[in-house]
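K.L.:
This is the structure, below, for whatever I ask next.
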Amino acid sequence: MSTIAASEALSSSASPALDALVTHLQEASLLASSNSLLDWDQETTMPAGGLEWRARQQALLARIVHERVSSLERRDLIEAVESDATAMADGSVAALVREARRDHEKATKLPTSLVEEMAKTSSMAKHEWALAREKSDFRRFAPWLEKLAGLLRAQADCYGFAEGGERWDALADLYEPGCTARSVSAVFDPLRPRLQRLVADLTASGVRPPSGFNDFAVAIPEQEALSRFVAERIGFDFNRGRLDRSTHPFCSGTHCNDVRLTTRYNERCVNDALGSTMHEAGHGIYEQGLPFARVGTPIGESVSLGIHESQSRMWENQVGRSRAFWAWLHRELPRIIGADSARFSLDELYGAANVVEPGFIRVESDEATYNLHIMVRFEIERAVIGGSLEVAGIPSAWNRLYKEYLGLEVPDDRRGCLQDIHWSMGAMGYFPTYTLGNLYASQFFEAACAEIPGLVEGFARGEFAPLKAWLNSNIHAHGRRFTPSELVERVTGKPLSAEPLMRHLEGKLRPLYGM
Ligand code: ZN
C-alpha cells in the first residue's frame with residue numbers, strides 16, 4: 001500500500017485540497033523514509049567501500065526533500081486547506097495543517113546553500129571527530145567544531161527566536177518545539193543540587209547493592225535470545241520490526257509497520273544489552289504505536305525528541321530497573337541464558353541494575369548521575385552558541401563542570417569533551433531532550449500508575465500489556481497533534497515538573513543503599 005486516501009484517514013468531510021496536501025506530504029515522507037533506510041543499512045550491513053556513494057545518495061535525497069518541503073507548491077496546498085473551513089473544523093486536520101505549516105516555514109528560512117554547507121561540514125567533522133577522539137586530541141577537532149558553531153549560529157539567526165530569548169532557543173526548537181534555554185534552566189537549576197545531594201548520600205552510606213550480575217559473562221547468542229524475548233514481551237511487534245546489531249544502538253525504520261532496532265552485546269555484561277534493548281524497544285513501541293492511517297503526515301509522527309526519549313527511558317528505567325520486573329525475569333533467566341544464572345538471587349539482580357557510581361562516560365552512567373552529564377553539555381553548548389565561550393575553551397570548561405557537578409577529575413578529552421558524537425553532527429540544542437525525556441517518563445509513569453491499579457505488581461507476572469496500551473492511547477495515537485507541553489498537561493493534568501523524577505529516584509535508591 002503506497003498512499004492512503006486522505007478522506008479515509010483524516011476527515012469525514014473530505015476535501016480535494018486536503019487530499020492534495022496529504023499526497024504532497026506523503027511523497028516527501030516516502031523519500032525521507034528511504035533516506036532513513038539508507039542510514040540503517042550503513043550502520044548495520046553496508047561494506048566500508050560504500051561510504052562515498054552512500055553520502056551522495058543521502059545528500060541528494062535530503063536536498064530533494066528540503067526542496068519539496070520548502071516549495072511554493074507546498075505553501076499553496078497548505079493555504080488551500082486553511083481556507084477550507086469545513087475541513088479545518090476537524091481538529092486533526094487543523095493540527096495537521098498547523099504542523100505542516102511549521103515544517104514548511106522552518107524549511108524556507110534556511111537557504112539551500114546553508115543546508116548543503118552544514119551537510120558537507122558535518123560529514124567531514126564526524127570523521128575528524130572520530131580520529132580526534134581515538135587520539136584524545138581536541139586540538140585536531142577544534143577547527144571543525146569552530147566551523148560548525150559558526151554555521152549553527154548562522155542557522156539560528158535564520159530561524160530567529162522570541163524576544164527575551166537567545167540563539168540556542170532557535171536550535172533547541174528543532175528537536176523540542178517550544179523549548180528555550182530559560183525554560184531548561186528553570187528545571188535544571190533546582191534539580192542539580194537535589195541530584196548531587198542524592199548521589200553524595202548514596203556514596204556516603206557505606207552500603208552498596210550487590211553488583212555481581214554486572215560481571216556475569218553470557219555468550220552472545222544467549223544474550224540475543226534474551227534481548228528478543230524481553231523486547232517481545234514488553235510489546236515490540238516483530239511482525240512489524242527487527243532487531244539487529246550496531247556499534248551504537250538506535251531505533252529507525254521507514255514507518256510504523258517497519259521499525260528497526262539495534263543493540264550491542266558485551267560478552268562480559270548481559271545487563272548492557274538488556275538495558276540498550278529495552279531502551280530502543282521503548283522507542284520502537286512508540287513508532288509502532290503511531291497511527292498507520294496518518295502515516296506520512298505530521299500527525300503520524302512523533303511529537304519531539306524529549307517525548308520519544310520518555311518512551312525509551314520508561315521501559316528502560318521505570319520498568320527495566322524495577323524490582324517487579326526482576327522478580328519476573330529472575331524466573332525466566334535460567335531457561336534463556338543458562339542454569340548458571342540461577343545462582344543470583346532476586347536481590348542481587350535488582351541491585352546490579354541499580355548501582356549508582358559517578359563516572360566519566362554519559363552513555364554508561366546510572367539513573368541518578370545521568371542528568372548531571374546532560375547539564376554539563378547544556379551549559380557548554382549554550383555558552384558556545386551564545387558566544388560567551390570560545391571553542392578552544394571547551395575542554396577546560398568541561399573539566400571544571402565535571403569536577404563541580406560529579407566530583408570527578410577528567411583524565412583526558414577522550415573521556416571528556418570528545419566522548420559524544422552530537423556536536424560533530426552539528427546537533428546543538430539536542431542534549432537537554434535526554435533529561436526532558438527522563439522528566440516526562442517519570443511524570444507519565446506516575447499518571448499511568450494512578451490510572452491502572454496493580455500496574456507495577458503485574459510486571460512481576462510478566463504483564464506489560466496494560467502499560468503499553470495506556471501509552472498507545474494516551475501518547476502514541478496523537479502523533480504531533482499536541483505540543484510536548486500540551487501533551488504533558490493533557491496526560492498528567494500538570495505542567496512538567498522535576499518532582500516525579502526525584503520521587504522515583506529517592507524512593508528506589510535510598511532504600512537500596514540502606515537509607
Ligand atoms: Zn533514546
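The values are calculated or read from the model by the stated rules, or taken from the named source; none is laboratory data. This structure is a prediction, so every number in the text was calculated from the model and none was measured. As a convention, Cβ positions derive from the backbone with ideal geometry for all residues, glycine included, and neighbour counts pool all protein chains shown. What goes into the accessible areas is simple: the full protein's heavy atoms, side chains included, and nothing from ligands, DNA or RNA. Shrake-Rupley method; radii C 1.70, N 1.55, O 1.52, S 1.80 Å.
K.L.:
Using a 1.4 angstrom probe, figure out how much accessible area the chain has per residue, in square angstrom, rounded to the nearest whole.
P.N.:
Here the per-residue accessible area is 42 Å².
K.L.:
Pop the C-beta distance of Glu232 and Ile421 into the FRET formula with R0 = 45 Å and round what comes out to the nearest 0.05.
P.N.:
So, using R0 = 45 Å, E works out to roughly 0.90.
K.L.:
More than 35 angstrom separation, counting every C-alpha pair in the chain; what % is that?
P.N.:
For the chain, the share of Cα pairs beyond 35 Å comes to 35 percent.
K.L.:
Which order do peptides 15-28, 213-226, 302-315 fall in by mean Cβ count within 10 Å, highest first?
P.N.:
In descending order of packing, they fall as 302-315, 15-28, 213-226.
K.L.:
Computed from the mean reciprocal separation of all distinct C-alpha pairs, what Kirkwood hydrodynamic radius does the range 15-115 have, in Å?
P.N.:
15.0 Å
K.L.:
Let me ask something else. How large is ³J(HN,Hα) for each residue in the range 462-470, as worked out from phi by the Karplus curve 6.51 cos²θ - 1.76 cosθ + 1.60 (θ = phi - 60°), to whole Hz, x for Gly and Pro?
P.N.:
These are the phi-based 3J(HN,Hα) values: x, 9, 10, 4, x, 5, 4, 5, 5 Hz.
K.L.:
Also, quick follow-up: Sort 417-430, 124-137, 478-491 for me by packing, meaning the mean count of neighbouring Cβ atoms within 10 Å per residue, highest on top.
P.N.:
417-430, 478-491, 124-137
K.L.:
Here is a further query. Answer with one residue from Ala32, Gly178, Trp423: the one whose Cα lies farthest towards the positive end of the charge dipole of the chain, charges on Cβ with Lys, Arg +1 and Asp, Glu -1.
P.N.:
The residue sitting farthest along the positive end of the dipole is Trp423.
K.L.:
Grab every C-alpha pair in the range 391-515, bin the distances at 10 angstrom width from 0 up to the longest one, and report whole percents.
P.N.:
Here the calculated profile for the range 391-515 is 10, 27, 29, 23, 10, 0.
K.L.:
Round to a whole number: what % of the accessible area of the chain belongs to carbon and sulfur, probe 1.4 Å?
P.N.:
52 percent
K.L.:
Mark the label point 7 Å from the Cα of Ser345 along Cα→Cβ and return the residues of the range 200-232 whose backbone N is within less than 12 Å of it.
P.N.:
Once the point is set 7 Å along Cα→Cβ of Ser345, 210 turn out to lie under 12 Å by backbone N, inside the range 200-232.
K.L.:
So if we plug the beta-carbon distance of Ser185 and Arg208 into 1/(1 + (r/R0)^6) with R0 = 22 Å, what FRET efficiency do we get, rounded to 0.05?
P.N.:
0.05
K.L.:
Restrict the search to the range 316-378; then list the trypsin sites (Lys or Arg not before Pro) that DSSP places in a loop and that have at most 11 other Cβ atoms within 10 Å of their Cβ.
P.N.:
Those that pass, being in a loop and sparsely packed, number zero.
K.L.:
What ranking do 48-56, 188-196 get when scored by the average of other Cβ atoms within 10 Å per residue, highest first?
P.N.:
188-196, 48-56
K.L.:
Same structure again: Computed FRET efficiency, Cβ-Cβ of Lys120 and Arg510, R0 60 Å: what is it to the nearest 0.05?
P.N.:
Between Lys120 and Arg510 the formula returns 0.75.
K.L.:
With runs of 4+ DSSP H residues as the only contributors, calculate the mean residue ellipticity of the chain at 222 nm using -39,500 (n - 2.57) per run, divided by the residue total and rounded to the nearest 500.
P.N.:
Only helices count here, giving -20000 deg cm²/dmol.
K.L.:
Whose amide H sits under 5 Å from the amide H of Val259, counting only residues 5 or more places off or on another chain, with H placed in the peptide plane?
P.N.:
Those lying under 5 Å, H to H, from Val259 are Gly241, Arg242.
K.L.:
Here's a follow-up. Give the lysines whose C-alpha is closer than 27 Å to that of Lys135, dropping any in the same chain fewer than 8 places away, or say none.
P.N.:
Within reach: Lys120, Lys126, Lys147, Lys403.
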